[in-house]
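The values are calculated or read from the model by the stated rules, or taken from the named source; none is laboratory data. Quick caveat, the model's predicted, so the values are computed rather than measured. In this analysis, Cβ positions are derived from the backbone assuming ideal geometry, glycine residues included, and neighbour counts consider all displayed protein chains.
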Amino acid sequence: MSARAAATTDTGSRTAGTAQVTVLRRLLSQRGTALALAAVALLVLVALAAPLITWLTGGSPTAFHGEAVDPALGGLPRGTAGGVSAEHWLGVEPVNGRDVLARVVYGARVSLLIAVLATAVSTLLGTALGLLAGFLGGWADTLIGRLMDLLMSFPSLIFMIALISAAPGADRRLLLIMVLGLFGWPYIGRIVRGQAMVLARGEFVAAARVLGASRRTLLLREVLPNLTGPVLVVATMSIPACIATEAGLSFLGVGVQPPTPSWGQMIASAVPWYASDPAYFLIPGVLLFVTVLAFNVLGDAVRDALDPRSKPR
Amino acid sequence: MRPRRAACALAAALGLLSAAACTGSTGAGSTGAPGNAVPVKGGTLHVLSTIDLEHLDPARAYVTSTQDVGRLIYRTLTTFAPAPGQAGGKIVPDLATDTGRPTDGARTWTFTLRDGARFEDGRTVTSKDVKYGVERTFAAELPEGPPYARLWLTGGDTYKGPYQDKAGLASIETPDERTVVFHLNRPVADFGSAVSLPMFAPVPQDKDTGVGYDNRPFSSGPYRIDVFEPKKQLTLVRNPSWDPATDTVRKGLPDKVVIDLNLDPAVVDQRLISGQGEDANAVAMEPIGPASVGRALGDPRLKQRLVTGDSINTRFLGINTRHKPLDDVRVRQAIAYALDKDALRTTRGGPIAGDLATTLLPPTLPGAAPEDPYPSQDGKGDPAKAKALLAEAGHASGLELTLDTPATAGGKAQGEAVQASLARAGIAVRINEISSSAFYSTIGSPAREHDLLIDGWTPDWPGASTYLPILFDGRLITAEGNNNRSQYDSPEVDARLDEIAAAGDPTTAQAAYGELAKRIMRDAPVVPFLWDRAAVLVGPNVAGAYGHTAFVGRLDLVSLGLRR
């Protein structure tokens, strides 16, 4: 019996392998998607290489450069476009003269780390609980379903702010990952549950059941592999949402703690400077915009590529 | 509840936007335009505030911005002269005919009320109203005001206020309708200055609504409250019973004063910079934000509308002397050497925000003795010297400390500046952000305050008698509402404070306080970094604007009027 089941999976993974190649080819065949993929890859590279970049430029994300700003003008950066110079390629922050380039690359690390790990948490939770709810049905479905309803109907932003303020001593990064992950999983869970319910009534599952496969085998070997598509799509879409929420929370002052840089914090502190030092506002703002856009385009493209019914026009 | 007075300076400053002020030269240039034009009677003056008015009830008003607004609504026995610069620190008669007549070695103070001073319903202000106003400040329901009545009036330590004790306080006598006599338990040379505080404003007993009085204090000044929506807007209209002939301080020019509260600092700056429509008749309550300083100074027309004022406020980094290893004076001195005062000032707007402080008492305060016990090049700190002191104290490998700051943009910026400057000496600082509404109650509790804190102090009137004795007397460390936040406890300093207080003569006392400040600075319980000046934007159609020293350099509202 198990040999039979294993054989099914083998063919399954083989087709999945060829499918992956096709998906990648489909993704790259569109220029917008290719650009988005390149932007995401570049961003990840920049975040990983942050120490290398600051070593090259000689800037540190936390060092003050009092000589780069003019105290007589309220700490406005000296020079053009927010103090662009040979030492500070993207200029400096007003008031304290911290290197903007160093802060955005280290900020990318924080934003990406939190977004990716929070998405991982919500994907894991969402898939596991959604699968259980959809496959088992009955009381498990009721329990998990109500929990999802509860979390989704909650004013999550307010709750996040309260939760983070209530734990002043905790590591903010870890807290943000947990909070974003815990509030994000029902969105994946809902989709997984719906898919799992359909799949559980599928003929191949019935066949495996007739052949005596255990519940666990059915879940992990028959239903789960068929869920990778939707899960992947939702996860890709959840990363930009997490980046935006993290930036929002940092903007509201409950994000990572100073002096750790994050894009949201940079945008928050740049708001009053929009008129006198627009470059300071533009750089993290544009980066956040491009990142969220790239992930969204990519997520869209992944869905199109995986779902033949929504083939590109 | 004394922290309130500092809170005034600080809530505004740390908090919502960096306080800023002008250098002497800019000051002279800028007072020109708005000051010289002659204001006329009539019109509606708008005041744009980024904070809320904490308490309008005179018994509870202990925040400078509220005191500034309060001066429009009620009169006190004496008050500050309506004048720019140090002249504004002078105490002048207000409801009283003089600044008080001391007898019995300054233990008994007699005030005579002016003729013709009236409440908004037309009745005459009597000595009973003044007595009742002071008695209310003893009520437990109204706790936020200054402590002087409780500390100084005979029997004040046991009196529970008029709601519980109908008999009243015997040490305030009213021999006739126009005379009020205060009996003190000790000689107080500057009691005539103390009665300038709002807690010495008259309150008619039948109009007292207890806690509710906060929303609708009964007017004895040029304006009465028309509508008050806390956290949103206060609209003041003329008090028809106020007679300008009886008041030498308040001009009472506009027909109406509208104060918008809790506005965004950037919005206030932007509205006043453009000065369009209603905003031409507007002034800012708080100083200009650092982000707008460059624009305001770069444009000569705007620069003219930037009004500056000196203050008697000192900002400092507080050090908790009871926490290890800060109990070691060498560690505290190392921090004093390491601190980059210039970077801290830049977070508040740069040189326009005031002069770098080198010692406790600002030069605008009588008796201040100039010194710089922890010097460094341009106030940028001396990390080498700090490291040497730390090594001597056995902390060559560095230290870790926690800094309390208010959770506001300004508080964070100052925290980061402290963090970056102490890091140069090997001191790692963790920033603990505290919600600005809970900031003073948290740091006022020795059990909850951490190692370092962003702090400051404005004396209640020019002179160190409401500064050094409140902040550095080791016997005044309390479990809650503590003002000696350094928890500095030196028997030598305590004894000297008693000697100075007992001496009586104000002039010698001022000089003695100056010397004592030097003594305290050697122990470095705090590191002063800024003597504030405030630079405030006024609309193009506003005249009579000047910064007042008693209100941390912010505008003196009683003199403002419109050009047309």
A careful count of residues in region B:421-436 that are touching a residue at least 60 places away in the same chain (Cβ under 8 Å), assigned to a helix (DSSP H, G or I) and either more than 10 Å from every other protein chain (Cβ to nearest Cβ) or surrounded by fewer than 20 Cβ atoms within 10 Å (Cβ to Cβ) (or both) gives 2
B:Ala391 fails exactly one of (1) over 19 Å from B:Gly349 (Cβ atoms); (2) touching a residue at least 24 places away in the same chain (Cβ under 8 Å), namely (2)
In region A:76-91, anything under 11 Å from A:Tyr280 (Cβ atoms) and within 13 Å of chain B (Cβ to nearest Cβ) is listed as A:Leu76, A:Pro77, A:Gly82, A:Gly83
Checked pairs for region A:189-202, first closer than 20 Å to A:Val121 by Cα, second of a type in the set (Asp, Glu), C-beta under 9 Å and 6 or more apart or across chains, list as A:Arg193/A:Asp141
Within region A:277-297, residues being surrounded by 21 or more Cβ atoms within 10 Å (Cβ to Cβ) and either at pLDDT below 85 or over 16 Å from the mean Cα position of the chain (by Cα) (or both) number 4
Requested in this report: Would you be able to say whether some residue in region A:72-92 is within 30 Å of B:Arg348 (Cβ to Cβ), free of Cβ contacts under 8 Å to residues at least 60 places away in the same chain, outside any helix (DSSP H, G or I) and of a type in the set (D, E, K, R)?
Outcome: yes
Considering region A:139-160, residues that are within 19 Å of the chain's Cα centre (by Cα) and farther than 25 Å from A:Val198 by Cα, and then whichever is surrounded by the most Cβ atoms within 10 Å (Cβ to Cβ), we arrive at A:Met160
Note on region B:460-495: residues of a type in the set (D, E, K, R) and either modelled with pLDDT of 90 or more or in a loop (DSSP other than H, G, I, E, B) (or both) are B:Asp460, B:Asp473, B:Glu480, B:Arg485, B:Asp489, B:Glu492, B:Asp494
(Q) Against the definition (more than 23 Å from B:Leu306 (Cα to Cα) and not in a loop (DSSP other than H, G, I, E, B)), how does B:Ala280 come out, yes or no? (A) no
Test: B:Ala106 is crowded, with 23+ Cβ neighbours inside 10 Å and either among the small types (Gly, Ala, Ser) or within 19 Å of the chain's Cα centre (by Cα) (or both)
no
**Q.** Hey, B:Gln414 within 11 Å of another protein chain (Cβ to nearest Cβ), within 21 Å of B:Leu356 (Cα to Cα) and surrounded by fewer than 24 Cβ atoms within 10 Å (Cβ to Cβ) or not
**A.** no
For B:Ala266, the lone unmet condition from (1) more than 15 Å from B:Asn541 (Cβ to Cβ); (2) within 14 Å of another protein chain (Cβ to nearest Cβ); (3) over 25 Å from the mean Cα position of the chain (by Cα) is (3)
When region B:401-411 is checked residue by residue, the ones that are closer than 18 Å to B:Asn320 by Cα and within 14 Å of another protein chain (Cβ to nearest Cβ) are B:Thr402, B:Leu403, B:Asp404, B:Thr405, B:Pro406
Restricted to region A:260-273 and to residues being within 8 Å of chain B (Cβ to nearest Cβ) and of a type outside the set (Gly, Ala, Ser), the residue nearest to the chain's Cα centre (by Cα) is A:Val271
Note on B:Arg475: of the conditions (1) surrounded by 15 or more Cβ atoms within 10 Å (Cβ to Cβ); (2) in contact with an Asp or Glu (Cβ under 8 Å, 6 or more places away or on another chain); (3) not aliphatic (A, V, I, L, M), unmet is (1)
Given (1) away from chain B (no Cβ under 14 Å); (2) of a type in the set (S, T, N, Q); (3) in contact with a Phe, Trp or Tyr (Cβ under 8 Å, 6 or more places away or on another chain), A:Asn96 misses just (1)
Across (1) buried (at least 17 other Cβ atoms within 10 Å of the Cβ); (2) at pLDDT 90 or above; (3) charged (D, E, K, R), B:Asp226 clears everything bar (1)
Exactly one of B:Gly381, B:Gly294 is farther than 30 Å from B:Pro506 by Cα, within 14 Å of chain A (Cβ to nearest Cβ) and in a helix (DSSP H, G or I), and that residue is B:Gly294
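Every residue, every condition in (1) within 14 Å of another protein chain (Cβ to nearest Cβ); (2) under 25 Å from B:Gly444 (Cα atoms); (3) surrounded by fewer than 24 Cβ atoms within 10 Å (Cβ to Cβ), yes or no:
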{"residue": "B:Arg322", "(1), (2), (3)": "no, yes, yes"}
{"residue": "B:Val329", "(1), (2), (3)": "no, yes, yes"}
{"residue": "B:Asp340", "(1), (2), (3)": "yes, no, no"}
{"residue": "B:Arg348", "(1), (2), (3)": "yes, yes, no"}
{"residue": "B:Ile352", "(1), (2), (3)": "yes, no, no"}
{"residue": "B:Asp355", "(1), (2), (3)": "yes, no, yes"}
{"residue": "B:Pro366", "(1), (2), (3)": "no, no, yes"}
{"residue": "B:Pro370", "(1), (2), (3)": "no, no, yes"}
Filter region B:547-564 for residues that are assigned to a loop (DSSP other than H, G, I, E, B) and not acidic (Asp, Glu); the one that is surrounded by the most Cβ atoms within 10 Å (Cβ to Cβ) is B:Gly553
A:Gln257 passes all but one of the listed conditions (1) among the polar types (S, T, N, Q); (2) free of Cβ contacts under 8 Å to residues at least 12 places away in the same chain; (3) within 14 Å of chain B (Cβ to nearest Cβ); the exception is number (2)
Of the candidates A:Leu113, A:Leu101, A:Leu136, A:Leu125, the one satisfying the condition of being at pLDDT 80 or above, surrounded by 15 or more Cβ atoms within 10 Å (Cβ to Cβ) and in contact with a Leu (Cβ under 6 Å, 6 or more places away or on another chain) is A:Leu101
The strands (runs of 3 or more DSSP E) lying wholly within region B:157-245 that contain at least 2 residues that are in contact with a helix residue (DSSP H, G or I) (Cβ under 8 Å, 6 or more places away or on another chain) and within 26 Å of B:Arg101 (Cβ to Cβ) are B:172-176, B:179-183
| said: Taking the conditions exactly as written (in a helix (DSSP H, G or I), touching a residue at least 60 places away in the same chain (Cβ under 8 Å), within 20 Å of A:Leu124 (Cα to Cα) and not charged (D, E, K, R)), does A:Ile161 satisfy them or not? | reply: no
Only one of (1) over 27 Å from B:Ala464 (Cβ atoms); (2) at pLDDT 90 or above; (3) within 14 Å of another protein chain (Cβ to nearest Cβ) does not apply to B:Leu344, and that is (1)
Please verify whether B:Ser441 is more than 8 Å from chain A (Cβ to nearest Cβ), assigned to a loop (DSSP other than H, G, I, E, B), surrounded by fewer than 23 Cβ atoms within 10 Å (Cβ to Cβ) and touching an Asp or Glu at 6+ places or on another chain (Cβ under 8 Å), treating the condition exactly as stated. no
All-but-one check, A:Ala63 against (1) more than 14 Å from chain B (Cβ to nearest Cβ); (2) surrounded by fewer than 21 Cβ atoms within 10 Å (Cβ to Cβ); (3) of a type in the set (A, V, I, L, M, F, W, C), failing number (1)
